[in-house]
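Asker: Okay, here's the structure, questions in a sec.
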Amino acid sequence: VQADGTDGNCVTFVLHDEDHTLGNSLRYMVMKNPDVEFCGYCITHPSESKINFRIQTRGALPAVEPFRKGLNDLMGVCQHVLNTFEVRLFLESL
């Protein structure tokens with residue numbers, strides 16, 4: 001959902017089957033980008049499993065770019081945690 005009168009720098013993404021676990025961690029990753037002016041999310045209703053995730057950027061940067069970067073960065077962090085856990089688990093089994 002794109003705000004009226006914007007050039008794609010203010011967008012609300014609707015993420016289905018998600019909750020605070022993804023919302024808060026993705027918000028953190030996106031806010032690390034200095035070109036992001038605002039980033040936040042809300043759960044539409046407790047009985048619905050979807051979130052509205054809003055990003056507003058400075059200048060002409062499309063909001064979809066920090067959204068993609070945030071998702072990729074978050075996947076990298078999760079992969080690092082998983083690898084570290086598996087190495088530790090392997091070392092414990094020796």
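Asker: Residues that are in contact (Cβ under 8 Å) with a residue 40 or more places away in the chain: find the strands (runs of 3 or more DSSP E) completely inside the stretch 4-94 holding 3 or more of those. Can you show your working first?
Answerer: Details: elements: 10-16, 36-43, 50-57.
Strands (runs of 3 or more DSSP E) meeting the threshold: 10-16, 50-57.
Asker: Counting just the residues of the stretch 55-74 that are of a type in the set (S, T, N, Q) and open to solvent by 20 Å² or more (accessible area, probe 1.4 Å), which one comes out farthest from C10 (Cα to Cα)?
Answerer: N72
Asker: Considering every residue within the stretch 2-19, establish whether at least one is open to solvent by less than 50 Å² (accessible area, probe 1.4 Å) and touching a Pro at 6+ places or on another chain (Cβ under 6 Å).
Answerer: yes
Asker: Inspect all residues belonging to the stretch 39-48 and state whether any of them is open to solvent by 80 Å² or more (accessible area, probe 1.4 Å) and in contact with a strand residue (DSSP E or B) (Cβ under 8 Å, 6 or more places away or on another chain). Talk me through it step by step, then tell me what you get.
Answerer: In the first step, residues of the stretch 39-48 are kept if they are open to solvent by 80 Å² or more (accessible area, probe 1.4 Å); the result is 45-48.
Add one more test, that the residue is in contact with a strand residue (DSSP E or B) (Cβ under 8 Å, 6 or more places away or on another chain), and what stays is none.
No, the conditions are met nowhere in the stretch 39-48.
The values are calculated or read from the model by the stated rules, or taken from the named source; none is laboratory data. Quantities reported herein were computed from a predicted structural model and do not represent experimental measurements. Please note: Cβ atoms are built from the backbone with ideal geometry, for glycine as well, and neighbour counts cover all protein chains shown. Just the protein is used for accessible areas: all its heavy atoms, side chains included, with ligands, DNA and RNA removed. Shrake-Rupley method; radii C 1.70, N 1.55, O 1.52, S 1.80 Å.
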